[in-house]
């Protein structure tokens, strides 16, 4: 009877040790598998300014065709160029008529293509296509105006800036 108890106790201990080993080893293996699954996803993250089409992410998706997984460099990749930026300041922004206003423009093209054309609209019926080194315009009539400049890059991207100008009636002495 004592031998049966010892055999049962030994079997119970062996089963407990086996269960502990399975529980301890399995999470480590599952963690390693999870890390391996995350590495391809991190590699598939699109760079700033890019977008992947639906269904182009790696992995097996329900309804995906075999061989349709891309590495981000195939027909499902869309490169979006960075938009150009333009700011404009009018100095002075208000005053009595006739008001000569200087327009100071700052342009930035993150793609480095450069700006090839500028279209000015001063809001008083006058327009210009001159480049904005430092541009001056004289408002002859009292009123509120919105001046705009539209800059276009060599590859067709555009940026627009707006500034308001207030011209008061001229001062009579």
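Here are some notes:
Residue-wise test of (1) under 19 Å from residue 109 (Cβ atoms); (2) modelled with pLDDT of 95 or more; (3) loosely packed, with under 14 Cβ neighbours inside 10 Å; (4) in the same structural domain as residue 91 (by TED's automatic domain parsing).
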| position | (1), (2), (3), (4) |
| --- | --- |
| 123 | no, yes, no, yes |
| 133 | yes, no, yes, yes |
| 139 | no, yes, no, yes |
| 146 | no, yes, yes, yes |
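- Residues within the stretch 148-158 that are surrounded by 14 or more Cβ atoms within 10 Å (Cβ to Cβ) and in contact with a strand residue (DSSP E or B) (Cβ under 7 Å, 6 or more places away or on another chain), tallied: 7
- Matching residues in the stretch 88-107 - criterion: being surrounded by fewer than 14 Cβ atoms within 10 Å (Cβ to Cβ) and under 13 Å from residue 150 (Cα atoms): 106
- Test: residue in the stretch 67-75 that is part of a loop (DSSP other than H, G, I, E, B), within 30 Å of residue 148 (Cα to Cα) and either in contact with a strand residue (DSSP E or B) (Cβ under 7 Å, 6 or more places away or on another chain) or at pLDDT 95 or above (or both): no
The values are calculated or read from the model by the stated rules, or taken from the named source; none is laboratory data. Keep in mind that this is a model prediction, so the values were computed, not measured. Positions of Cβ are generated from backbone atoms using ideal geometry, with glycine treated the same way; all protein chains shown enter the neighbour counts.
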